[in-house]
Amino acid sequence: MYTKRILLLALGSALATSAHADSHDPVVTIEPVEVTATRVAETVDASLADVTIITRSDIVASASNDLIDLLRLEAGVDVSRSGGPGEQTSVFLRGTNANHVLVLIDGVRVASANTGAFAFENLPLDAIERIEIVRGPRASYWGSDAIGGVIQVFTRKLDGAHLAASYGSYRDADGSAGFGRWSDAGGFSAQFGARHVGGFSATNAGICNGPDDPFCIFNPDDNGFHNRNAVVQGAYRLGTQTLSASLLRSQGGESFDNGNPGVGYSSTLDQAIGVNLEGPLAQGWNQRLSAGTSREDLDTPAFGSSYRSTREQLGWTNDIALSTMQHVVAGTDLVHERAVTIDTTGFGAPYDVARDNAGVFAGWHANTGAVDGEVSGRYDHNSDFGGAWSGSAAVGWRPADTLRLTMSYGTAFRAPNLNELYSPGYGGYFAGNPLLDPERSHTADAGLDWQLTAANRLDLRAFSTRVHDLIDFSGGSTFQAINIDHAAIDGVELSHHWRSGSWSLDNELTLQNPRNSDSGAQLLRRPKQKLSTVLGTAIGERANAGIEFVASGKRDDVGGQTLGGYALANLRATYAVGRSWAVATTNWCMATIRPGARAT
């Protein structure tokens, strides 16, 4: 019944706005350019992948200070976090695991070599220029991790002076300042920011079975968060080539409940540095030579543990036009990863390990007018497990100017992270396994893009993913890491976008069934239904106002618990005080759709 209500609400919104669209007020849309799906620039409407772009204008209009509040609005994206700002956050794309999403910052891989996941909670929203979300397997271009898709973040490039400050509930103070200057010859940009949140308790007393419960981690202290960050960009023209560099550094810490007030605290460091040389080498031949390094540090004194992972990468991508209707994308990647852990409790053991990966890829793209197609493949050689092949094929057909149908099939893999391979475990329990195979997947996708009227657009995607050789710490009596599980995810994503005059309406509906195909159990923390609606309007020339609504179904969680469904409503408004200054406000309200956590 709940699923039907969500579906009817989304379809009703689409039909209502279609019926009231003003045919005398056409909406001219300029398709944005994305570079993530195939590693070269192409417009979103030309891409055969399912791509969403969140622009800086979208970020400003949302009046949000948290990246998670933006991502939760998108179809196929589910988020889970263990508390307020700064607490551990997981992002799931199309029902796959959190480490099945390849995360890039300015083209640099940033997921931890230890855990394989990225700490989205440490990424400052004010440092972001735009976000590209590509759904579906992209391993044939990017290699490991892109089973559910790719999320690439592009850092902010200022042109002029910048100053921003905000304050909100739970003593949430945020601010940034910077300056940039750009011309045809190049330029620079630098921005520095900080955030401090007093927070609230990440757990509640209801999780404890009485005052003598030895596993109770609740304490009433507020779990706060602080962060300092810097974003630096630079570029210089060298003839036909452009040399550019970027830096993102985010450092801070957060507290958590562990049963001892004031003791649970983690300090973190996330850093990404990239250098690129790109431009035409000859007529119809463009290249991009890139080098990058990323680092993640996590220090948790309460557990006597420290983690550090680093990654160096080198890549070369070429886009060669064979004719006006065909082009080839080809290149190579080299990656070196290292993970270091230190355990001062004596229960675990330190380790310092490294590995290398080399990959080559190529993709052929052809367009014959009404029909376009793409075939791509990649081979990776990993120093741990040997070789891995990935491939994909896609075709698009336009039976009319306003209608496009697409179909695709792709395979992907995830290399075991260094913790799964080499961790000594805790007293010998939950140890890694150097004989692990990579997780592998195959996905089929079908889509429909329909421009209903000049003001209405409807996008529909159906997908089916199968993942095998999933890694789980369940081997033998010591729970060693082994390849054992299988997952199946089937789903539908429906997006509707309406524009008319000063009004806009965006609806995103996700219906999916992410499950363990061996046991039939729902995959943890991924709901079967999610709906988001954003209604906005311009008020005069200076003001904008809107409302955001998000509804999510129930989710299974660890320990046999079920988290109830919930709904969020957000009122937002911005006002331009002058040509260069604006003020914004936002307010979230939460309601529970289903009863709270209960035993299944």
* Structure fact -> Per the filter on the stretch 508-534, residues open to solvent by 50 Å² or more (accessible area, probe 1.4 Å), touching a helix residue (DSSP H, G or I) at 6+ places or on another chain (Cβ under 9 Å) and either assigned to a strand (DSSP E or B) or modelled with pLDDT under 95 (or both) are 524, 525
* Extreme residue, farthest from residue 35 (Cα to Cα), among residues of the stretch 316-333 that are touching a Ser or Thr at 6+ places or on another chain (Cβ under 6 Å) and touching a residue at least 40 places away in the same chain (Cβ under 8 Å) -> 331
* Asked: Name the residues in the stretch 535-573 that are buried (at least 20 other Cβ atoms within 10 Å of the Cβ) and of a type in the set (Val, Ile, Thr), would you?
  -> 550
* Keeping to the stretch 409-442, report how many residues are of a type in the set (Phe, Trp, Tyr) and open to solvent by less than 20 Å² (accessible area, probe 1.4 Å). => 1
* Asked: Does the stretch 454-486 hold any residues that are open to solvent by 50 Å² or more (accessible area, probe 1.4 Å), touching an Asp or Glu at 6+ places or on another chain (Cβ under 8 Å) and under 28 Å from residue 511 (Cβ atoms), and which are they?
  -> 457, 460, 468, 472, 486
* Asked: So how many residues does the stretch 49-72 have that are more than 30 Å from residue 373 (Cα to Cα) and not charged (D, E, K, R)?
  -> 11
* To do: Mind telling me which of the residues 412, 394, 362 ends up being in contact with a helix residue (DSSP H, G or I) (Cβ under 8 Å, 6 or more places away or on another chain), among the aliphatic types (A, V, I, L, M) and at pLDDT 95 or above?
  => 412
* To do: Evaluate the following for residue 502: is it modelled with pLDDT under 95 and under 30 Å from residue 116 (Cβ atoms)?
  => no
* Take the stretch 107-137 and flag every residue that is farther than 16 Å from residue 309 by Cα, over 13 Å from the mean Cα position of the chain (by Cα) and surrounded by 24 or more Cβ atoms within 10 Å (Cβ to Cβ). => 124, 137
* Here is a list of conditions, (1) at pLDDT 95 or above; (2) more than 28 Å from the chain's Cα centre (by Cα); (3) open to solvent by 60 Å² or more (accessible area, probe 1.4 Å), and residue 261 meets all of them except one; can you say which number that is? -> (1)
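Residues of the stretch 294-343 being among the basic types (Lys, Arg) and open to solvent by 40 Å² or more (accessible area, probe 1.4 Å), which ones? Break it down into steps so the answer makes sense when it comes.
Filtering the stretch 294-343 down to residues among the basic types (Lys, Arg) leaves 295, 308, 311, 338.
Hits for the stretch 294-343 are 295, 308, 338.
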* Structure fact -> Out of (1) touching a Gly at 6+ places or on another chain (Cβ under 9 Å); (2) over 25 Å from residue 445 (Cβ atoms); (3) open to solvent by 30 Å² or more (accessible area, probe 1.4 Å), the one residue 505 does not meet is (3)
* Between residues in the stretch 253-282 that are more than 25 Å from residue 226 (Cα to Cα) and residues that are at pLDDT below 95, which pairs lie under 6 Å by C-beta distance while being six or more apart or on different chains? -> none
* How about the stretch 430-459: which of its residues are in contact with a strand residue (DSSP E or B) (Cβ under 8 Å, 6 or more places away or on another chain) and not in a strand (DSSP E or B)? -> 430, 431, 432, 433, 436, 437, 438, 455
* To do: Determine whether residue 22 is assigned to a loop (DSSP other than H, G, I, E, B) and either open to solvent by 40 Å² or more (accessible area, probe 1.4 Å) or at pLDDT below 95 (or both).
  => yes
* Structure fact -> Residue pairs qualifying under the 6 Å Cβ cut-off, at least six apart or on distinct chains, with the first in the stretch 406-429 being at negative phi and part of a strand (DSSP E or B) and the second being open to solvent by 40 Å² or more (accessible area, probe 1.4 Å) and not polar (S, T, N, Q), are 407/395; 407/446; 409/393; 409/444; 411/442; 413/440; 426/347; 429/479
* To do: Give just the number: which of (1) over 30 Å from residue 442 (Cβ atoms); (2) touching a Ser or Thr at 6+ places or on another chain (Cβ under 8 Å); (3) buried (at least 18 other Cβ atoms within 10 Å of the Cβ); (4) of a type outside the set (D, E, K, R) does residue 176 not satisfy?
  => (2)
* **Condition check for residue 372: open to solvent by 40 Å² or more (accessible area, probe 1.4 Å), at pLDDT 95 or above and of a type in the set (Asp, Glu)** => no
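The values are calculated or read from the model by the stated rules, or taken from the named source; none is laboratory data. Please read all numbers here as calculations on a predicted model, not as lab measurements. Quick reminder, even Gly has a Cβ in these numbers, built from the backbone with ideal geometry, and neighbours come from all protein chains shown. Heads up: the accessible areas ignore ligands, DNA and RNA and are worked out on the full protein's heavy atoms, side chains in. Shrake-Rupley method; radii C 1.70, N 1.55, O 1.52, S 1.80 Å.
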